[in-house]
1. Are there any pairs with C-beta distances below 7 angstrom linking a residue in the range B:41-52 that is within 14 Å of another protein chain (Cβ to nearest Cβ) to a residue that is more than 7 Å from DNA strand D (Cβ to nearest atom), with the two at least 6 apart or on different chains, and if so which?
2. Say whether the condition of being away from chain A (no Cβ under 14 Å), more than 16 Å from DNA strand C (Cβ to nearest atom) and of a type outside the set (Gly, Ala, Ser) is met by at least one residue in the range B:2-11.
3. Taking the range B:175-210, which residues are touching a residue at least 60 places away in the same chain (Cβ under 8 Å) and surrounded by fewer than 24 Cβ atoms within 10 Å (Cβ to Cβ)?
4. Out of B:LEU156, B:LEU146, which single residue is assigned to a helix (DSSP H, G or I), under 24 Å from B:PHE104 (Cβ atoms) and touching a residue at least 24 places away in the same chain (Cβ under 8 Å)?
5. What are the residues in the range B:21-32 that are assigned to a helix (DSSP H, G or I) and within 13 Å of B:GLU56 (Cβ to Cβ), if any?
6. In the range B:75-106, what count of residues is obtained for those that are without any contact (Cβ under 8 Å) to a residue 40 or more places away in the chain, within 19 Å of B:ALA150 (Cβ to Cβ) and either within 12 Å of chain A (Cβ to nearest Cβ) or of a type in the set (D, E, K, R) (or both)?
7. Is it the case that the range B:183-197 has a residue that's facing another protein chain (nearest Cβ under 7 Å) and part of a loop (DSSP other than H, G, I, E, B)?
8. Any chance the range B:24-37 includes a residue that's surrounded by fewer than 16 Cβ atoms within 10 Å (Cβ to Cβ), among the β-branched types (Val, Ile, Thr) and closer than 26 Å to B:ALA153 by Cα?
Number of protein chains: 2
Amino acid sequence: MKGPKRSLDVSKIVNAVMELLDEEPAAAPTLRGVAARLGVRPNTLYTYVPDRVALEGVVVEHLLELAGPAALAGGTPWRERITGYALRLRAELLSRPGVVPFFFSGPMNGPNAVMVGEGLLAAFTEGGLRPDDAARAAYAVIVHVLGSAALAAADLPGPGTSEAETLEARRTALAAGPPLTAATAATAAAWNSPEQAEWGINRLIDGCVRSLR
Amino acid sequence: MKGPKRSLDVSKIVNAVMELLDEEPAAAPTLRGVAARLGVRPNTLYTYVPDRVALEGVVVEHLLELAGPAALAGGTPWRERITGYALRLRAELLSRPGVVPFFFSGPMNGPNAVMVGEGLLAAFTEGGLRPDDAARAAYAVIVHVLGSAALAAADLPGPGTSEAETLEARRTALAAGPPLTAATAATAAAWNSPEQAEWGINRLIDGCVRSLR
DNA sequence: ACCTGAACACCGTTCAAGT
DNA sequence: ACCTGAACACCGTTCAAGT
């Protein structure tokens with residue numbers, strides 16, 4: 001048995017990124033950090049990946065997969081498939097906030113992105129939308145879930161602070177704001193909660209279904 | 001007339017950021033770049049701003065203002081006020097893609113953010129929503145417009161490529177994809193267009209209004 | 001073909017020092 | 001109070017060189 005010609009491949013690099021995120025979920029992985037974890041020099045990674053954006057794209061593909069796009073294909077009612085995937089993806093991202101910027105650093109056109117798109121299209125079609133509306137609806141859902149995840153990640157408390165006290169501080173601040181804001185401070189303070197993300201996605205789907213006529 | 005005690009203030013710093021964005025809209029402004037443009041050492045900025053995230057927060061506030069939040073308060077039908085502000089904000093961001101990440105680097109709780117929230121609340125209330133639903137709807141709109149802007153910015157072609165050929169390349173790629181994707185390739189390829197952003201926001205508002213009952 | 005050594009041109013941030 | 005000099009600990013990326 002002769003030794004391996006190469007010690008690395010792209011999937012090992014992605015694994016290293018995921019391990020870094022496991023250890024420090026809020027820290028954005030860097031090429032140098034990934035290389036160090038693999039016991040290799042930073043420039044070695046350029047043998048496998050053209051640049052940082054490309055590596056981030058591969059990680060994005062991995063996360064789209066992690067959220068279980070296969071479940072989009074069928075089995076449960078169409079609407080649950082959509083909200084299910086959307087909320088699973090959001091949860092995966094928010095359990096690793098450091099990865100969120102990766103979704104906004106380049107076009108999202110890998111095979112898993114296409115598969116997710118196809119699954120959402122199928123679900124919306126099953127929901128009664130015409131093809132073009134289904135396409136618009138599918139991408140609107142992606143926009144919403146990624147926007148929600150990104151804003152929630154930006155709002156995460158630093159290591160010193162608990163989520164509850166951040167929430168309470170915000171509620172108090174909003175209660176001192178203009179009238180309508182003050183009157184809804186408790187709701188508004190939790191605007192980055194999973195519950196409100198679910199509410200938003202459901203309203204979006206409601207609106208899409210309504211455009212059936 | 002004695003010389004000024006300080007040569008700088010926060011608004012001059014924000015101006016410098018905006019000038020950098022005017023010159024190179026896709027480049028993310030840096031503290032060092034801003035300092036250089038002001039003819040000052042990088043660490044000088046720490047007299048005016050505690051760190052990079054805080055500076056970005058001030059720039060975010062400036063952009064929320066640029067999109068004209070005052071027009072949210074009244075004058076036109078409630079629904080146009082919402083879509084108008086949302087699409088103006090999106091356009092401001094996409095004419096300066098380098099600033100987009102600033103919206104995701106920290107909590108968005110400045111006075112203009114509160115004012116925008118209040119304006120959206122007023123509009124949705126006028127549209128017939130109960131206060132808590134209006135609050136959820138207001139923030140869902142923000143989520144959607146910022147998500148849309150961020151994904152569109154990530155999809156922008158590099159300096160070498162035109163928008164039209166990027167679109168055409170994507171359409172061709174999607175046409176070779178799975179069946180539903182292929183059937184809607186023309187629509188799907190333009191998923192980051194302003195038209196589809198407007199479609200998405202309108203569907204979201206539709207869905208919110210429907211939750212009146 | 002794969003990996004390294006060394007360098008380049010950057011970052012944000014700190015701290016003691018000058019005025 | 002404001003700004004600087006100098007340094008620290010980082011980045012992504014390149015290129016020639018070694019195996």
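1. Every condition considered, the pairs that remain are B:ARG52/B:LEU31.
2. yes
3. Answer for the range B:175-210, where residues must be touching a residue at least 60 places away in the same chain (Cβ under 8 Å) and surrounded by fewer than 24 Cβ atoms within 10 Å (Cβ to Cβ): B:PRO194, B:GLU198, B:ASN202, B:VAL209.
4. One residue alone meets the criteria, B:LEU146.
5. B:LEU21, B:LEU31
6. Count: 2.
7. Yes; the residues of the range B:183-197 include at least one that is facing another protein chain (nearest Cβ under 7 Å) and part of a loop (DSSP other than H, G, I, E, B).
8. Checked the range B:24-37: at least one residue is surrounded by fewer than 16 Cβ atoms within 10 Å (Cβ to Cβ), among the β-branched types (Val, Ile, Thr) and closer than 26 Å to B:ALA153 by Cα.
Coordinate-derived values only; no laboratory data. Please read all numbers here as calculations on a predicted model, not as lab measurements. All Cβ positions, glycine included, derive from the backbone under ideal geometry; neighbour counts span all protein chains shown.
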